[in-house]
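Step one of this worksheet: look at the structure below.
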Amino acid sequence: MEYQSPEIIEGEKLLRKINEWVNYKQFCWLEIPKTNYRGLTIILNLQKKGEILCLIIDKIRTFSRIFQQNQVLNIEVSERDGVAYQFQTKIIEIQSKIILTELPKFIFRLQRRKYFRILARADTEISFFTARGIENVAKVKDYSVGGIAFFIERWFGINKGDMIHNIDLKVPQKGQFLIFHIPKGVVRRIEKDVYDKLICAIEFTEIPEITKEHLWRHVMEEQRLQIRRLKWLF
């Protein structure tokens with residue numbers, strides 16, 4: 001496949017894109033380069049400090065002692081359709097609950113889609129049929145609008161590149177199950193995780209728009225709940 005370089009966004013288009021993220025309360029990943037510090041946050045607003053236009057970013061509680069003035073930060077945003085954006089900024093000022101950073105000169109729109117993945121609740125399951133018509137059920141590790149990773153506790157007779165169909169993602173909620181039906185998917189990876197457990201990752205190849213919309217809304221809500229639970233943000 002021919003490599004496609006990222007699209008560069010700047011000027012008025014850059015300001016419109018950041019304002020979209022502010023209005024939609026879009027979550028983003030904040031990373032301190034050359035460290036293991038990476039967490040979820042929100043770009044709250046654009047604000048002038050003197051003659052300089054700044055980003056107002058919600059502070060990550062566990063990073064409070066790490067932030068320093070003039071520190072470089074990497075930001076990554078994945079929108080609902082999986083389109084990912086990246087940019088670099090620098091801390092101007094640190095306040096009790098927010099940080100002010102430089103407005104980036106450029107934002108890079110990546111060609112490859114990246115969907116935000118959430119850890120599955122206990123008892124979240126996937127059921128699916130192989131090409132031979134055999135039904136399998138497994139515990140889910142994590143999932144996104146683009147696919148599911150699940151544990152292989154016995155051999156399912158599937159390999160990388162195999163197509164599967166009639167996929168049901170079943171998420172426990174208030175004593176019942178939310179069920180998302182995805183017609184088709186493909187096995188992208190089968191590998192061991194850091195705990196030596198065998199994981200299968202599938203990518204959805206066919207998903208109705210209404211299901212995609214409902215799944216996206218569910219993922220966003222789960223994301224907010226997980227952030228509150230972990231107390232990553234003030």
Length gain on complete extension for the stretch PHE177 to GLN223, per 0.36 nm per residue less the alpha carbon to alpha carbon distance?
-> 14.8 nm
Dividing the mean separation of Cα pairs under 8 Å (6+ apart) by the residue count of the chain yields a relative contact order in percent of 15 percent
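Using Cα pairs closer than 8 Å and at least 6 residues apart in sequence, work out the relative contact order for region 118-230, in percent. Write out the running numbers ahead of the final one.
Numbers: 222 pairs, mean separation 27.2, N = 113.
For region 118-230, the relative contact order is 24 percent.
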Return the aspartates and glutamates within reach of LYS160: Cα separation strictly under 17 angstrom, same-chain partners fewer than 8 residues apart disregarded; answer none if there are no such residues.
-> GLU191, ASP193, GLU203
Computed over region 34-77, the relative contact order (Cα-Cα under 8 Å, seq sep at least six) in percent reads 29 percent
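Need the full-extension length gain, ASP193 to LEU46, defined as separation in residues times 0.36 nm minus the C-alpha distance. One decimal, nm.
Additional length available on full extension: 48.9 nm.
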What Kirkwood radius, in Å to one decimal, follows from the Cα pairs of the chain?
-> 19.6 Å
Nearest 10, in degrees from 0 to 90: the angle of helix 209-230 to the longest Cα principal axis of the chain is 60 degrees
From the Cα gyration tensor of region 118-230, with a ≥ b ≥ c the square roots of its eigenvalues, which class applies: rounded if a/c is under 1.5, or else prolate if a/b is larger than b/c, or else oblate?
-> oblate
Shape call for region 1-121 from the C-alpha gyration tensor, a ≥ b ≥ c root eigenvalues: rounded (a/c under 1.5), prolate (a/b greater than b/c) or oblate?
-> oblate
Excluding residues fewer than 8 places away in the same chain, name every one of the lysines whose C-alpha is closer than 24 Å to that of LYS105.
-> LYS13, LYS17, LYS25, LYS34, LYS48, LYS49, LYS59, LYS90, LYS114
With axes computed from alpha carbons, what is the tilt in degrees of helix 11-23 against the longest principal axis of the chain, rounded to the nearest 10 within 0 to 90?
-> 60 degrees
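Coordinate-derived values only; no laboratory data. Just so it is clear, the model here is predicted, and its values are computed rather than measured.
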